[in-house]
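Only one structure is covered here, and it is reproduced in the block below.
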Amino acid sequence: MFKDERGITLVELLAVLAILFIILLLVGSTHIFGQRQYFEQTETIDHQGDVRLIMSQLTTDVRKVTVNEGATTSDSGGVFTLTLGANTYTHQGTTIKRNGVILSEHISTFEWLTNEAANEIKIVSVPDDKGKQTSLQTMLYFRR
């Protein structure tokens, strides 16, 4: 007389599985996109932080040096060395060291240009995955 209609059919099961698969695919792609953005932004922030740290250290050391002590530079064999009083900065490849301690391994350009009145510093990071570089440039004056 009456059929037992409890349970689901194969078509209903396949429809539910297809909908779940689409939902999981959307959630998964959103998660992967978020992770990629996080890693790219973290890399950019790290490069910006490295450039700011080096510039901060340099300006602090320049404030401690008098005109008589001055700054000396040398550039030989791909190694640029800047001496400010008791502190020595070395740039080789993409690494900058201060007194032998690594400050950053992500610096492509480290320039110290001297003229009569001031010293110009330019620091540029290596490009990130999107080719963007962070740079800072400033003029520093020795205390008289």
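Values as computed for the structure displayed
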item	result
Subset of region 99-115 [out of contact with any Pro (no Cβ under 8 Å at 6 or more places or on another chain) and outside any loop (DSSP other than H, G, I, E, B)]	101, 102, 103, 104, 107, 109, 110, 111, 112, 113, 114
Candidates 91, 31 - the one that is over 13 Å from the mean Cα position of the chain (by Cα) and within 16 Å of residue 122 (Cα to Cα)	91
Single unsatisfied condition, residue 87 versus (1) touching a strand residue (DSSP E or B) at 6+ places or on another chain (Cβ under 9 Å); (2) surrounded by fewer than 12 Cβ atoms within 10 Å (Cβ to Cβ); (3) at pLDDT 90 or above	(2)
Residue match in region 58-79 (condition: among the hydrophobic types (A, V, I, L, M, F, W, C), assigned to a helix (DSSP H, G or I) and either modelled with pLDDT under 95 or in contact with a helix residue (DSSP H, G or I) (Cβ under 8 Å, 6 or more places away or on another chain) (or both))	yes
Criterion: polar (S, T, N, Q) and free of Cβ contacts under 8 Å to residues at least 60 places away in the same chain - qualifying residue of 44, 66, 81, 59	81
Those residues of region 99-115 which are more than 15 Å from residue 57 (Cβ to Cβ) and surrounded by fewer than 11 Cβ atoms within 10 Å (Cβ to Cβ), in sequence order	115
Residues satisfying the stated conditions in region 1-44, i.e. β-branched (Val, Ile, Thr) and farther than 30 Å from residue 130 by Cβ	8, 9, 11, 16, 19, 22, 23
Residue 5 being outside any helix (DSSP H, G or I) and exposed (fewer than 13 other Cβ atoms within 10 Å of the Cβ)	yes
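Residue-wise test of (1) among the acidic types (Asp, Glu); (2) surrounded by 13 or more Cβ atoms within 10 Å (Cβ to Cβ); (3) part of a strand (DSSP E or B).
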{"residue": "97", "(1), (2), (3)": "no, yes, yes"}
{"residue": "117", "(1), (2), (3)": "no, no, no"}
{"residue": "120", "(1), (2), (3)": "yes, yes, yes"}
{"residue": "129", "(1), (2), (3)": "yes, no, no"}
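The values are calculated or read from the model by the stated rules, or taken from the named source; none is laboratory data. Keep in mind the model is a prediction, meaning the values are calculated, not measured. Heads up, the Cβs are rebuilt from the backbone with ideal geometry, glycines too, and the neighbour counts pull from every protein chain shown.
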